[in-house]
1. Taking the residues in the range 95-107 that are assigned to a loop (DSSP other than H, G, I, E, B) and out of contact with any Lys or Arg (no Cβ under 8 Å at 6 or more places or on another chain) as candidates, determine which candidate is nearest to residue 122 (Cα to Cα).
2. Looking only at the range 9-67, count how many residues are among the polar types (S, T, N, Q), in a loop (DSSP other than H, G, I, E, B), closer than 22 Å to residue 101 by Cα and more than 12 Å from ligand 2 (Cβ to nearest atom).
3. Hey, could you check the range 13-36 for residues that are more than 15 Å from ligand 1 (Cβ to nearest atom) and of a type outside the set (Gly, Ala, Ser) and say which is surrounded by the fewest Cβ atoms within 10 Å (Cβ to Cβ)?
4. Give me a count of the residues in the range 68-94 that are more than 20 Å from residue 51 (Cβ to Cβ) and assigned to a helix (DSSP H, G or I).
5. Looking at 104, 112 in this structure, which one is touching a residue at least 60 places away in the same chain (Cβ under 8 Å), over 26 Å from residue 20 (Cβ atoms) and out of contact with any Ser or Thr (no Cβ under 8 Å at 6 or more places or on another chain)?
6. Between a first residue in the range 44-61 that is near ligand 1 (Cβ under 8 Å from one of its atoms) and a second residue that is assigned to a helix (DSSP H, G or I) and among the basic types (Lys, Arg), which pairs have beta carbons less than 9 Å apart while being 6 or more apart in sequence or on different chains?
7. Between 71, 133, which is without any contact (Cβ under 8 Å) to a residue 24 or more places away in the chain and either surrounded by fewer than 21 Cβ atoms within 10 Å (Cβ to Cβ) or within 14 Å of residue 10 (Cα to Cα) (or both)?
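We did not get these values from a lab; they are worked out from the coordinates using the rules stated. Predicted model, so just to flag it, every value in this text is computed and none were measured. Neighbour counts run over all protein chains shown; Cβ positions are idealised from the backbone, glycine included.
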Amino acid sequence: MKIEQLIEEAKKAREKAYVPYSKFGVGAALLTADGKVYHGCNIENAAYSMCNCGERTAIFKAVSEGDRDFKMIAVVADTDRPCSPCGACRQVMAELCPKDMKVILTNLKGDILELTVEDLLPGAFMADDLNGK
Ligand SMILES: O=c1ccn([C@H]2C[C@H](O)[C@@H](CO)O2)c(=O)[nH]1
Ligand SMILES: [Zn+2]
């Protein structure tokens with residue numbers, strides 16, 4: 001699947017965002033090795049700290065369905081620069097996605113920034129750190 005197609009999927013995901021508080025919708029589309037696309041949107045809550053980002057929604061949906069082999073993720077929001085994932089999402093990507101996986105950040109104006117998981121969180125705390133390896 002082409003980057004442009006995955007971005008279109010992320011825009012579709014964004015339409016489902018539940019954002020009564022921030023009014024800031026985020027969409028993500030996560031591509032698996034066998035060509036399946038998981039949509040994710042941000043889902044907010046009156047207890048603000050319970051809000052879940054679009055990126056993590058997509059990743060958690062995939063993992064909960066038994067999919068772990070990820071090829072690419074696209075993220076979109078109505079931002080001036082390409083939408084930048086928060087620290088929590090970067091940490092979750094570092095744990096569950098290959099470090100050289102493409103992360104496509106974009107906005108509604110069509111700006112595109114292509115990075116990797118490792119670019120977003122160099123030196124991430126990982127499982128091996130727990131074991132003193
Ligand atoms: O990359 C991002 C940045 C922010 N948000 C969400 C969290 C919250 O619902 C709203 C405002 O921070 O946007 C995401 O889903 N992804
Ligand atoms: Zn996030």
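1. 99
2. Step one: filter the range 9-67 for residues among the polar types (S, T, N, Q), giving 22, 32, 42, 45, 49, 52, 57, 64.
Checking the rest, the ones that are also in a loop (DSSP other than H, G, I, E, B) come to 22, 42, 45.
Of the ones still in play, those that are also closer than 22 Å to residue 101 by Cα are 42.
Then drop every residue that is not more than 12 Å from ligand 2 (Cβ to nearest atom), which leaves none.
Total meeting the criteria: 0.
3. Per the stated criteria, the residue is 34.
4. 1
5. Going through 104, 112 in turn, just one is touching a residue at least 60 places away in the same chain (Cβ under 8 Å), over 26 Å from residue 20 (Cβ atoms) and out of contact with any Ser or Thr (no Cβ under 8 Å at 6 or more places or on another chain): 104.
6. As it stands, the answer is 54/14; 55/90, since those pairs meet every condition given.
7. Numbers: 71 fails: without any contact (Cβ under 8 Å) to a residue 24 or more places away in the chain.
On inspection, the qualifying residue turns out to be 133.
Conditions (1) away from ligand 1 (no atom under 11 Å from the Cβ); (2) farther than 24 Å from residue 36 by Cα, marked per residue:
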position: 76; (1), (2): no, no
position: 87; (1), (2): no, yes
position: 90; (1), (2): no, no
position: 98; (1), (2): yes, no
position: 109; (1), (2): yes, yes
